[in-house]
Amino acid sequence: MIMDMINIIIGMIILFIGVLIGVAFLTLLERKILGYIQIRKGPNKLGFMGILQPFSDGIKLFSKEQLYLNYSNYMYYYFSPVIGFFLSLMIWLLIPYYFNFIKFNLGILYLFCFLSVGVYTLLLAGWSSNSNYAMLGGLRAVAQTISYEVSLALILISTLFMIMDFNLLNLSIYQENIWFIFLMFPLSMCMFSSMLAETNRTPFDFAEGESELVSGFNIEYSGGGFALIFLAEYSSILFMSMLFILLYMGGYSLSLFFYLKLSLISFLFVWVRGTLPRYRYDKLMYLCWKIYLPISLNLLLLYLGLKMFFI
């Protein structure tokens, strides 16, 4: 029993290190792709074609002086990035490995719990900085994230009706013959768009509206605090990419093809950022409540009916 626990802890540590290395190179990939979209090189000085750039950025950020604000709520201000980063790593325990890991029979519920708790870190980061810009950015982020969690939940429930189980491992069994993306194409597109909004990415990056909010909820953070917010965001992008593959593109498989699919969806996140301008905030809310909500509810009834018909 003790050896099992030790194995699980070692597995978790290896997973977290892997995720952090993945995040480091995802930032490099993003900067290179955005560079080529904007007809420039991107990072290309440090190491071979700029491959060491993420590590030098990390060292620079963590070695910068941490600012202590006189009028901030210090404990909340200091710990909200840490908790946000911790939550974004803990959600990775859901990855349905075949070996040496925790088996989640209620994995989807675990996912919902962590997605909903993650909102609090945004709220606390914005509020505790005691800056008007940060507060506005935090409020925007919270309203946006909570709104899109509703459509995200309904879209996920449609997939749950297809497999009638909360365990993410079973998704690969049901997709052996045909991927769910072919059966649920409109829903998968809604899912991808909701994932962009959930992770505060362009064209839905209103929490970081540089043109009107200077930088949004993270305006008062520098050095280590900013680095942790940054890492949490990119970790959640990678996780959402993995979730999309689990749900619609064949589920988990211990193969190179799985990781190529993961890279492809992560690339789509970056491609969207380089291509689309920022949405208008009222249109974002309209899209969620007036378009995605009715579509996902109707399709939910459709897939429920299909499931009842074929049982």
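State yes or no: is Phe79 surrounded by fewer than 18 Cβ atoms within 10 Å (Cβ to Cβ), over 17 Å from the mean Cα position of the chain (by Cα) and modelled with pLDDT under 85? Yes; evaluated as a whole, the condition is true for this residue. Filtering Phe62, Phe101 for residues that are in contact with a Gly (Cβ under 9 Å, 6 or more places away or on another chain), in a helix (DSSP H, G or I) and modelled with pLDDT under 85 leaves a single hit, Phe62. Within the option set Lys290, Lys307, being farther than 19 Å from Phe204 by Cβ, of a type outside the set (S, T, N, Q) and either under 19 Å from the mean Cα position of the chain (by Cα) or surrounded by fewer than 17 Cβ atoms within 10 Å (Cβ to Cβ) (or both) holds for one residue only, Lys307.
Does Tyr248 meet the test of being crowded, with 22+ Cβ neighbours inside 10 Å, touching a Cys at 6+ places or on another chain (Cβ under 7 Å), under 27 Å from Ile181 (Cα atoms) and at pLDDT 85 or above? No. Among the residues making up the stretch 149-190, those that are among the hydroxyl-bearing types (Ser, Thr, Tyr) and in contact with a Leu (Cβ under 9 Å, 6 or more places away or on another chain) are Ser151, Ser158, Thr159, Ser172, Ser188. For the stretch 236-262, filtered to residues that are without any contact (Cβ under 8 Å) to a residue 12 or more places away in the chain and among the aliphatic types (A, V, I, L, M), the residue that is farthest from Thr159 (Cα to Cα) is Leu256. Residues that are over 26 Å from Lys290 (Cβ atoms), polar (S, T, N, Q) and crowded, with 20+ Cβ neighbours inside 10 Å occur in the stretch 165-178; there is at least one. Per the conditions (1) among the β-branched types (Val, Ile, Thr); (2) loosely packed, with under 13 Cβ neighbours inside 10 Å; (3) not in a loop (DSSP other than H, G, I, E, B), the sole criterion not satisfied by Ile39 is (3).
Considering the stretch 128-194, the qualifying helices (runs of 4 or more DSSP H), each wholly inside and each with 2 or more residues that are on the phi < 0 side of the Ramachandran plot and within 16 Å of the chain's Cα centre (by Cα), run over 132-163. In the condition set (1) among the aliphatic types (A, V, I, L, M); (2) at pLDDT 85 or above; (3) touching an Asp or Glu at 6+ places or on another chain (Cβ under 9 Å), Leu67 is compliant with all but (2). Does Tyr221 count as of a type outside the set (A, V, I, L, M, F, W, C) and either at pLDDT 90 or above or surrounded by 22 or more Cβ atoms within 10 Å (Cβ to Cβ) (or both)? The answer is yes for Tyr221. Please verify whether the stretch 107-126 includes one or more residues that are under 25 Å from Met1 (Cα atoms) and modelled with pLDDT of 80 or more. Looking for residues that are under 25 Å from Met1 (Cα atoms) and modelled with pLDDT of 80 or more, one finds at least one in the stretch 107-126, hence yes.
If only residues of the stretch 1-41 that are in contact (Cβ under 8 Å) with a residue 12 or more places away in the chain and among the aromatic types (Phe, Trp, Tyr) are counted, the one that is nearest to Gly274 (Cα to Cα) is Phe25.
A single member of Ser193, Ser215 is surrounded by fewer than 22 Cβ atoms within 10 Å (Cβ to Cβ), in contact with an Asp or Glu (Cβ under 7 Å, 6 or more places away or on another chain) and not β-branched (Val, Ile, Thr), and it is Ser215. Could you please find all residues in the stretch 213-232 being closer than 25 Å to Leu169 by Cα and acidic (Asp, Glu)? Passing the criteria: none in range. Here Asn44 meets the list (1) free of Cβ contacts under 8 Å to residues at least 12 places away in the same chain; (2) in contact with a helix residue (DSSP H, G or I) (Cβ under 8 Å, 6 or more places away or on another chain); (3) within 21 Å of Tyr221 (Cβ to Cβ) almost entirely, failing just condition (3).
Can Leu26 be described as surrounded by 14 or more Cβ atoms within 10 Å (Cβ to Cβ), at pLDDT 85 or above and under 25 Å from Leu94 (Cβ atoms)? Answer is yes for this residue.
The values are calculated or read from the model by the stated rules, or taken from the named source; none is laboratory data. Being a predicted model, the structure only gives us computed values, none of them experimental. As a convention, Cβ positions derive from the backbone with ideal geometry for all residues, glycine included, and neighbour counts pool all protein chains shown.
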